Amino acid sequence: MRDRADLVIIGGGVIGLSLAYHLARLGFTDVVVLEQGYLCFGASGRNGGGVRQQWSTEENIQLMKESVRMYRRLSAETGYNVWFRQGGYLFLARDEQAAKGLEANVKLQNRCGVPTRLISAAEAQRIVPGLAPEGIQVCAFNPTDGVLFPFPVVWGMARAASQLGTSVETFTRVTAIETHGRQIVKVVTDRGAIATNRVVNAAGAWSFQIGKMLGVDLPNKPFRHEILICEPLKPFLDPMVSDLSDGTYFSQTMRGEICGGISDPAEPSSMDTRSSLRFLERMCRSMVRVIPALGNVRVMRQWAGFYDETPDGQPILGRVDEVDGFIQLHGFGGHGMMLAPIVGKLAAEWILRKGEHPIFQRYDLGRFKRGAVQKETFSIG
Amino acid sequence: MGKTIVCQCEDVTMDDLEEAFEAGFRDLESLKRFTGLATGLCQGKCCIAHASRFLAGLRGGDEAAADPPRTRPLIQPTKASCLAGPEDLSASPASRGSGK
């Protein structure tokens, strides 16, 4: 392992690797990425692969439009097929409040050039065979949203960056970060130390632990989220379907498996990755309510991972007051995977001073003292 | 030897495992994800032990590095309609097991 680097990225998930990948493409490879486990160990290897532009804030919509464009190109760029399938996302609203929310969101998305349409349950049945229309007030469908296979996204970016000269170290835990006054001088790991003055904290659910190493108090909280996957079926389901009444989402993978999760407001913050019966029961009940024929499909496996949540549901980006050269790139909740391409690109440009983007000021850590930013309300899972 | 099938559910051969190892996937969790081994209907019941032994061999007898992936529910694939819970489960607090 290198003993010095211009930049150390803590976290070898999709966010850290996207940054490394874009830095490398811009010619900057004096970088070491540190991943505590195997590639795909964290949330980047545990998510459902959803990629949507249906959000409630203009910023997220615009960022995701670009991310979708980037995901369309990624397989060809890295030589790893990420199986990005734009089969659309269908949201179901079962009550007045959710319906009104969808209407407002769709108007905003359309203004931003995203072709989401409000459709009836009957129209939705034509898109999703077997959808039970009872209790559905209105739906929103955007055909350009999609699903991908997360593992090759991670592997592709890691390999591409490595081939250009970046170091990606797996099974390497950061144990301390040493400073001299306000300046970082080295990152200490269980495999040796790396001298550096610049560290990017892209550690997802572990970001607040990294912050603690430098006395930076981060408001992130990790929450367990679970997913189940069913036996493979002949392809029949084009979009990702999501029921807003309980945050259920599921889609059919390229191997034919039905895969998805559900929100659980009662789940406390924890770093527990054990699987629960509660999730299985709630998810199956909800899934079968949406498409009753799924009652006959057999569940094969369930797993768990973390959403790295912040108080306002927006990420924490950019500098901190306490330490120089300590860049935050975390707090992406349930949408890190889909935002990774554009966030990595913008962060690379920002770090190399090739571009300024307002998100690095707007979403910095200091915003919690300045006052709330616009909350993103359209979260699922 | 190379065409010997290790994972019957997903058609993974010894050659596939060796190629994956050469491509840098050197722990069982990564091999599983890259080749699809143990991700089929039997969820590794038939193949994990073989793959683990094979990997330990490739790693010069390093058995600790060939630890099997985490065992997860379900033991047997089970219909969603059997698993679906009652209406009021959503209202009850999340039950938390003891331990870390």
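The values are calculated or read from the model by the stated rules, or taken from the named source; none is laboratory data. Everything quoted here is computed from the prediction, not taken from an experiment. Cβ sites come from the backbone with ideal geometry, for glycine too, and all protein chains shown count toward neighbours. Side chains are part of the model used for accessible areas, which takes the heavy atoms of the whole protein and leaves out ligands, DNA and RNA. Shrake-Rupley method; radii C 1.70, N 1.55, O 1.52, S 1.80 Å.
Below, the figures for the structure above:
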read-out	value
Loop-resident sites, the range B:5-92, for trypsin sites (Lys or Arg not before Pro), counting at most 14 other Cβ within 10 Å (DSSP)	B:K45, B:R70
The range A:1-68, accessible area per residue, ligands and nucleic acids excluded (1.4 Å, Å²)	26 Å²
Interchain or long-range residues, amide H under 5 Å from A:V138's placed H	A:A93
Karplus-derived HN-Hα couplings along the range A:28-44 (A = 6.51, B = -1.76, C = 1.60, θ = phi - 60°), whole Hz, x at Gly and Pro	9, 10, 7, 9, 10, 9, 10, 10, 6, x, 7, 4, 5, 5, x, 4, 4
Stokes-Einstein D in µm²/s, Kirkwood radius over Cα pairs - the range A:1-104 at 10 °C with 1.306 mPa s viscosity	96 µm²/s
DSSP beta bridge pairing in the protein assembly as shown, given as percent antiparallel to the nearest 5	70 percent
Accessible heavy-atom area order of A:Y363, A:Y307, highest first, probe of 1.4 Å	A:Y307, A:Y363
Area of A:F223 that stays accessible when all protein chains are in place (1.4 Å probe, Å², to 10)	60 Å²
Accessible-area order (highest first, 1.4 angstrom probe) of the listed residues A:W303, A:W83, A:W155	A:W83, A:W303, A:W155
Under the Karplus curve 6.51 cos²θ - 1.76 cosθ + 1.60, θ = phi - 60°, whole-Hz ³J(HN,Hα) for the range A:2-19, x wherever Gly or Pro sits	4, 9, 7, 7, 5, 9, 10, 9, 8, x, x, x, 5, 5, x, 6, 5, 4
Buried area at the B-A interface (accessible, heavy atoms, 1.4 Å probe, summed, Å²)	3300 Å²
Neighbourhood charge, 12 Å Cβ-Cβ cut-off, centred on A:M64 and excluding it, Lys, Arg +1 and Asp, Glu -1	-2
With every protein chain in place, the range A:127-250: carbon and sulfur % of accessible area (1.4 Å)	54 percent
Most mobile listed residue (A:A24, A:A121, A:A266) in chain A, GNM with C-alpha springs under 10 Å	A:A266
Descending Cα extents along the principal axes, chain A, whole Å	64, 41, 39
Listed residue (A:T175, A:I210, A:H225) projecting farthest to the positive dipole end of the range A:162-305, Cβ model	A:T175
At least 30 Å² of accessible area lost relative to the chain alone, listed for the range A:281-295 with a 1.4 Å probe	A:E281, A:R282, A:C284, A:R285, A:G295
Solvent exposure ordering (accessible area, 1.4 Å, most first) of A:I119, B:I5	B:I5, A:I119
Per residue solvent-accessible surface (Å²) - the range A:206-306, probe of 1.4 Å	35 Å²
